[in-house]
Amino acid sequence: MTTGAATSAILVAVLVVSIIGAAGTNGAAQSNIDGATIQSAEDVETADEIYVEEDGDAVLVYQTEEDGDDDDSDLRTMDIGMSASEGLAHVLIESDSEELEENASGGLTLLLEQDRFAGNGTFSMDRPEELESLALDVTAERTSETNTFDADFQASVPNEGDAAQLQSFQTSGDMSMTADTFATSGEFEAEAAIPTDVAYGVSVEDTGSGYSMDIDRTEPVSEFQAGSWEDRDAAKQTLESQFGGMAEQFGGTSTVTIDDYSFEESSTGYTLDISYTVEYENVKDGVANQLETQLAQDEQLDLSEEEAGAVAQSIVDVELRTLEANVETSDTGATGSWEAEIGNYGDALDSTLEIAESQSTDENVTESIQQVRTMFEAQQAADLRQTVEWSANMTAGEETIDVGADVSSDSENWAAYVDELQDRGVDAAQNDVSMDLHAETDGGELSADMSMSVEQEDLVGTMVDSVIQSASQDPTTGEETERVLQQLKNSEFQTGKIDVGVDSDSVTIEAGAKFDNMSALGDQVNQAFGGHTVTQIAGDLGDGDTSEMHVHVDGLVESGASEEEVSELAIASSSTEIHTGGDWDRSFNTMDTDSAKQFLGLNDDSESDEESDSSVPGFGPAAATVALAGAALLARRRA
């Protein structure tokens, strides 16, 4: 059998894998299925044997001779089935594994239903030599009521001299953001060999028409620069020269006042220790005027003077509420801290987005800008406040380097924000997502387990609609891909599941799906077999040296057709053995629908929530890749 027929036979399973992969990665809002993945066979593959019943129904037999001496013969198990009447597809592949390290093993389960995606995964292997220890815990939850994230990371790696200059480092801080304010504060400390003693501190205050800055500086001065700082008058003249130019540029004034001054000779030159205040007056109007002029003169923006003035004023009106920062270094290390807050930037952001939208000629870019504006408006209406806190540290010992980090985030008024989004037609905000990831070393073993779940009303339908819309806007998308996507939408997908198991000896992939209207996908399979109506496909490796795939066809020919009439069909060739009249003593493979239903949990309504309520973040595409690799392997082995 050639590649095309085998690929067509597992087309439904591959589609299911693609759907599940897209759901796991992006949810309903950003689904994507590569058009190259969805291709039906253009060439009809001829059968090795055709068995025709009296009524014209038939079974097409495709055979492959298995070479037991072939080192590439790595398939252990292959069962494939599709039933159009039951709306079922099922694939089971087991093959040798020569790529994984010894003692490596893992498993992954992904489940997709109409309103949810779920799964879980585990993996273990020998601890790599370059990792002394590891502990990682990540949890995240986003529902209509809450949006939180927590991560804790600790690790130890051998010290090979990479951190010789930095003995230790630690930092902590926080950040908060609303629709109209941004604030952050934090501190750091590093133990390291630093050749220069420097201290610098700055505090900036918004005075309304300008700014006031308090600055403290301690720094070395070379003999070449000494003349600029040798006394208080020289220092003031130097500072006035540094800061006066900016004030003049914007039509304002600057005043420098020296509060403390010291200039002493040192072993390496001189040391300057100075504190001073710089006051800018009437600079904001100058900034606004220059911005207005530049915006109004920009031919591409095509803004009126009134519009340009409004935009410029909204930028100038951004408030610098707090800005304080300091850093101090010595021969043993450095310390520092910061605190900053800006506010009243809502009008500036809105003006910027309005200009960007008016200039956009790309429909997708325009849509993205509109979405940002919608989210911004919802944040304002709900008074959404998002916060992030963190701490991190690093210590270099003689034998190991130890690192650690903690990060957490939370959202106040999240429920109100979701309601505001919903009122504005943003349904993606209704996704309920939870995720857990844990990894650790235990002696000589490294293990990890992960889970994730996504719940949303009509998750699959929304996702497929998103894919169809994206495909229609992509000029590289062919008609065939668009047709298959529409058929997929019409197939009334109910559930799909993938199990992947790997160890140092084997890889096992099992995938299945249930459709309420599988006839919508029938053309994809039928085209691979001359356009005839395929009702069932079943294949396995068999017990001997020959494996077979049996394709059951309704009405292949008219009742009582001759062998010659059958041989004229596109699915027959001069080497095809044709049997008519039902005169044969053999049986044919049929799909084990009970096994497929059991795998999908359709025979047991009490399927445990433990198996179906979790999944792996980011493992959607991984599962798709593994399953597609299995499909390619199957196609190659069937060839």
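The values are calculated or read from the model by the stated rules, or taken from the named source; none is laboratory data. Every value quoted in this text rests on a predicted model; they were computed, and no experiment measured them. Cβ coordinates were reconstructed from backbone atoms using ideal geometry, including for glycine residues, and neighbour counts include every protein chain displayed. What goes into the accessible areas is simple: the full protein's heavy atoms, side chains included, and nothing from ligands, DNA or RNA. Shrake-Rupley method; radii C 1.70, N 1.55, O 1.52, S 1.80 Å.
Below is a table of values for the structure above.
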item	result
Electrostatic dipole magnitude of region 290-442 [Cβ: Lys, Arg +1; Asp, Glu -1; Cα centre; debye, to 20]	140 debye
Per residue accessible area in Å² of region 102-170, where ligands, DNA and RNA are left out and the probe is 1.4 Å	53 Å²
Accessible area per residue, Å², region 376-427 with all protein chains present, probe 1.4 Å	54 Å²
Cα-based Rg and Dmax for region 524-584, where Dmax is the largest Cα-Cα distance (Å)	12.9, 34
Region 449-554: radius of gyration and largest Cα-Cα distance (Dmax), Å	17.8, 50
Phi-based couplings in Hz for region 80-90 (Karplus 6.51, -1.76, 1.60; Gly and Pro marked x)	9, x, 9, 10, 5, 5, 8, x, 10, 9, 8
Given charges at beta-carbon only (K, R positive; D, E negative), |dipole| of region 423-563 in Debye	580 debye
Heavy-atom accessible surface of region 168-247: percent carbon and sulfur, 1.4 Å	51 percent
Rounded to whole Hz, the Karplus (6.51, -1.76, 1.60) HN-Hα couplings of region 211-225, x for glycine and proline	9, 10, 10, 9, 10, 10, 9, 10, 7, x, 10, 7, 4, 5, 9
Ellipsoid semi-axes in whole angstrom, largest first, where each is sqrt(5λ) of the Cα gyration tensor of region 303-424	39, 22, 16
Diffusion constant of region 188-293 at 20 °C, which comes from Stokes-Einstein with the Kirkwood Cα-pair radius and 1.002 mPa s, µm²/s	138 µm²/s
Accessible-area composition of region 300-393, carbon plus sulfur, in percent [1.4 Å probe]	46 percent
Note, ³J(HN,Hα) from phi for region 364-377, Karplus 6.51, -1.76, 1.60, rounded to Hz, x at Gly and Pro	5, 5, 4, 5, 5, 5, 4, 5, 4, 5, 4, 5, 4, 5
Built amide H within the under 5 Å cut-off of A192, gap 5+	Q167, G333, A334
Protection proxy ranking of 442-450, 410-418, 149-157 - average other beta-carbon atoms within 10 Å, highest first	410-418, 149-157, 442-450
Burial ranking of peptide ranges 303-309, 559-565, 109-115, 91-97 (average Cβ count within 10 Å, highest at the top)	109-115, 91-97, 303-309, 559-565
Whichever lysines have a C-alpha closer than 26 Å to that of K514, once near sequence neighbours (fewer than 8 apart) are set aside	K489, K497, K597
Distant-in-sequence amide H partners of I401 (H built 1.01 Å from N, under 5 Å)	V157, N159
Cα pair distances exceeding 20 angstrom across region 241-299, given as percent	51 percent
Built amide H within the under 5 Å cut-off of G56, gap 5+	G560
Percent carbon-and-sulfur accessible area, region 402-459, ignoring ligands, DNA and RNA, probe 1.4 Å	41 percent
For region 500-570 and region 368-422, distance of Cα centres in Å	50 Å
Proximal charge balance of V59 [Cβ under 9 Å; K/R count +1, D/E count -1]	-3
